[in-house]
Amino acid sequence: MRHFPLLAFLAGLALVPAAIAAKPPNIVFIFSDDHALEAISAYSGGRLNQTPNIDRLAKEGMLFENSFCANSICGPSRANILTGKHSHVNGFLSNERARFDGSQMTFPKLLQKAGYQTALMGKWHLNSDPTGFDQWEILPGQGSYYNPVFLQMDGSRKQRPGYCSDIITDLSLDWLEERDPDKPFLLMCQHKAPHRNWSPPARHLTLFDDRKIPEPDTLFDRYENRSKLLQEHEMGIAKHMFWGHDMKFHGKNQFPGAFRDGIPNREYERMTPAQKALWDAAYEPKNQAFIKAMQEGELSEEGIVRWKYQRYIKDYLRTVQAMDDGIGRVLDYLDAHELTDNTIVIYSSDQGFYLGEHGWYDKRWMFEESFKMPFLIRWPGILNPGTRSQALIQNIDYAPTFLEIAGAEVPKEIQGRSLLPVLKNRGYAPADWREALYYAYYGERTHHVAAHDGVRTTRHKLMHFPRTREWQLFDLVRDPQEMHSLHAHPDYSDVLEQMKERYARLRDQYGVNSAAIPVSRLNESWWQQRYQSKQKETRQGPGKLLFIGDSITQGWEGAGNDVWQQYYAERDAINLGFSGDRTEHALWRLVKGDFKGVTDPQLAVVMIGTNNTGHLEQDPEETRVGIEKIVAQLRGAYPKMPVLLLGVFPRGATPDDPMRRINVAINERIAALASDEKVTFLDIGKTFLNDDGSLPKDIMPDLLHLSPKGYELWAEAIEDQVASLGGFSKVTP
Ligand code: SGN
Ligand code: CA
């Protein structure tokens, strides 16, 4: 029997009509892609635009001013929402080459179990088919604005004429019409808009033509007083807008200094002649006027950026307008069918977006504009109209909220918190509510935003960039635009320490362990090249013996080369050592790599972890988990292959060297991995050491890497095991 704990609190509220208490409420989750708070008039006061229908939710319900995502990018945010978990737990870290594991627990599945009818219409972008929905129809990948194709549940594709946001609204309303009226329902109506390339519908093509949209103060940010990594971005209005795709010009780029080449306006290519005619009638006069002004030298460099900003923001806002029209139609439908009173309506978007702030478009950074998500909720009879909440909420909270509302049990594994106590408390956070949020972006090549994570309280934000091991600290009250990092400011040394403590505590609470989360180093060109050449080698195979590690393993190609030739060349060995790799990087290579040619490897030799120690002085327990994942990855890929796991080699001059001690502690822990009968653990550290435990320089000249003699000792020390485990005939030097 199901029970509804909600009833208890509903009963306590005088406002609740009896009808509501009788039936669990329906949930309409309206979700968009890349909608910045600044482009919602309920949030911004209408500085840029008016969104009357989204605003209805604010007027009739509750608006959250401190609503955040856990990872400011599309697929990951959707995965956070579905699972109620941070990215490192649900496994969907970035858009690049990721597939959502739909076999895991998600809230739609649990709502289904609790008796809800569930449907999803529109953008999905998780690269695997939706699970947990009675009905769905989704855009493939990013989808298109004009005459979009939709994936059907039977695997077929259907092109639908018209404009994406209108069609997604139609599909949603059709489903509402056809559903079983006796069951509560969850409808996820998920728009593509206002995602790039910001293509408006015919009816809004000239909206804002008579206006100059105000520019943000930081449009010309020079990225001073913050990490140098900010300058690496490729998401600038000044430098990274495409002539065709973004700026909607036809033909060849006439001003290569000001616009990027390469991607035409693919949406235009999709249009019917009639759609094209309307489009051209709207854009061409404006485009030709700009081209003429450019040819006549009328625009300064700044003037060009300003023009591009106007083109960008107007198109963006036009797509918002069309979506807002659709939201109005959904709300009207609920009214007309007397569903409003027992239906919770939510509006949110996968993350925020830069509307020129810091000179940017796109998202990914933990800065406010893209870290924030809109979150508005209407729940007649429960929420006081026009309430604005300051509580710190995050997208991992949605799943437990919906489950609690439906009277379903909230699984312990969920990391978010139900928002019901906040909703019940007129938007005020209860006494035991969180004081800080954790955020992590895992890096992608698109737009060149370096991986970072951090914590935010109501007042401060701490960011950490692992690549440069930099901290950034912002005081959001004094510097809301985040123009000046205070991490080195003496007045903030206490705040910095407190924030670092919070950061450590939250990472601990959520089980964030950088050693065990796959990370690429494709942004380093030598690494990328080595990765590609090793890809080729593993595709060609056969690869009977795999060496997996860091620079010490890579060194078989250098100081160890003669010994390698003698021992391993004839055994079809492949050197998968990458200088500077920590466990997370080796793990990434194993997870993402193409080992097609390696069909029947006889043995893997693994030795890694010393860079987790050397770069980060990482807790040996964390490094252990990273090594465990590497071994598990190998075991999963090749169940028959034995693994020879070597203890991390000693480093530093003497046994009391702090790094040496960490490596020893790692080895004490990873020895236990040999409980798997296919894994043999061997610690050959002593081979390299003097009797007193000191490291001789003729073996490790820099007290970390091996000399030719060191490689000889290594090969000799493991030869018995290599031969017997791998089934090779023994090499006798
Ligand atoms: C596309 C866009 C990017 C955008 C990503 C991710 N380029 O690659 O600008 O950052 O999607 O967006 S485009 O040329 O296709 O327009 S997300 O919302 O899916 O995460
Ligand atoms: Ca997005």
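The GluC sites (Glu not before Pro) of the stretch 333-396 meeting both criteria, a DSSP state outside H, G, I, E and B (loop) and at most 11 other C-beta atoms within 10 angstrom of the site's C-beta, are 338.
Need one word for the stretch 518-726: rounded, prolate or oblate. Basis is the Cα gyration tensor (sqrt eigenvalues a ≥ b ≥ c); a/c below 1.5 gives rounded, then a/b vs b/c decides.
Numbers: a/c = 1.38, a/b = 1.30, b/c = 1.06.
Since a/c stays below 1.5, the shape of the stretch 518-726 is classed as rounded.
Placing +1 on each Lys and Arg Cβ and -1 on each Asp and Glu Cβ, with no other charges, gives the chain a dipole about its Cα centre of roughly 940 debye. Once you reduce the stretch 582-646 and the stretch 655-733 to the center of their Cα atoms, the two points are 16 Å from each other.
Centre-to-centre separation between the Cα atoms of the stretch 121-184 and those of the stretch 193-231: 29 Å.
Taking neighbour Cβ counts within 10 Å as the exposure measure, how do 250, 447 sort from fewest upward?
Numbers: 250 13, 447 18.
With the sparsest Cβ surroundings first, the list reads 250, 447.
When the helices of the chain are scored as -39500 (n - 2.57) per DSSP H run of n ≥ 4 and the total is divided over every residue, the value at 222 nm lands at -10500 deg cm²/dmol.
Under 8 Å for C-alpha pairs, at least 6 residues apart: give me the relative contact order for the chain, rounded to a whole percent. Walk me through the intermediate numbers first.
Working: 1453 pairs, mean separation 105.2, N = 733.
Answer for the chain is 14 percent.
With +1 on each Lys and Arg Cβ and -1 on each Asp and Glu Cβ, and nothing else charged, work out how big the dipole of the stretch 451-512 is about its Cα centre, in Debye to the nearest 20. With Lys and Arg at +1 and Asp and Glu at -1, about 220 debye.
Determine the gain in length on full extension of the stretch residue 299-residue 536; use 0.36 nm per residue of separation and subtract their C-alpha separation, reporting nm with one decimal. Write out the running numbers ahead of the final one.
Numbers: separation 237, 0.36 × 237 = 85.32 nm, distance 4.94 nm.
Between residue 299 and residue 536, full extension yields 80.4 nm more.
Take the Cα of residue 659, step 7 Å toward its Cβ, do the same at residue 632, and the gap between the two points is 2.9 nm. Sorting the segments 115-122, 644-651 by their mean number of nearby beta carbons within 10 angstrom, highest to lowest, gives 644-651, 115-122. Going 7 Å from the Cα of residue 288 toward and past its Cβ, which residues in the stretch 299-328 have a backbone nitrogen under 11 Å from where you end up? Within reach of a label on residue 288, which here means backbone N under 11 Å from a point 7 Å along Cα→Cβ, the stretch 299-328 contributes nothing. Normalised by the number of residues in the stretch 47-154, the average gap of Cα pairs under 8 Å and 6 or more apart makes the relative contact order 17 percent. Listed here are the pairs 709/730; 113/372; 59/424; 544/678; 123/158; which of them are more than 22 Å apart at the Cα? In this structure, 113/372 lie more than 22 Å apart at Cα.
The length gained by stretching the chain between residue 209 and residue 182 to full extension, at 0.36 nm per residue less their Cα-Cα distance, is 5.0 nm.
Loop only by DSSP, 16 or fewer other Cβ within 10 Å of the Cβ. Give me the GluC sites (Glu not before Pro) in the stretch 495-601 that pass, ordered by residue number.
On the way: sites: 497, 501, 524, 537, 557, 570, 584; in loops: 524.
For GluC sites (Glu not before Pro) across the stretch 495-601 that sit outside H, G, I, E and B with at most 16 neighbouring Cβ atoms in 10 Å, the list reads 524.
Given a Förster distance of 22 Å, report the FRET efficiency between residue 153 and residue 101 from their Cβ-Cβ distance, rounded to the nearest 0.05. Please list the in-between numbers first.
Values: r = 19 Å, r/R0 = 0.87.
With a Förster radius of 22 Å, E is 0.70.
Measuring against 27 Å, Cα to Cα, the residue pairs 292/363; 239/592; 212/292; 536/640 contain 292/363; 239/592 as the ones spanning a longer distance.
For residue 278 and residue 113, what does the FRET efficiency come to when R0 = 45 Å and r is the distance between their Cβ atoms, rounded to the nearest 0.05? Once the sixth-power term is evaluated, E becomes 0.45.
By its C-alpha gyration tensor, with a ≥ b ≥ c as the square roots of the eigenvalues, how is the chain shaped: rounded for a/c under 1.5, else prolate for a/b larger than b/c, else oblate? Prolate shape, in that a/c is at least 1.5 and a/b is the bigger ratio.
Given R0 = 35 Å, the distance between the Cβ atoms of residue 225 and residue 127 translates into a calculated FRET efficiency of 0.35.
Separation of the stretch 436-488 and the stretch 295-319, taken as the distance between their Cα centroids, equals 29 angstrom. Report the residues of the stretch 542-560 in range of a label on residue 524: point 7 Å along Cα→C-beta, backbone N strictly under 12 Å from it. Answer for the stretch 542-560: 550-552. A straight chain from residue 329 to residue 413 at 0.36 nm per residue would run longer than the Cα-Cα distance by 26.5 nm.
We did not get these values from a lab; they are worked out from the coordinates using the rules stated. Computed from a predicted model, the values in this text were never measured in an experiment. Cβ atoms come from the backbone with ideal geometry, glycine included; neighbour counts cover every protein chain shown.
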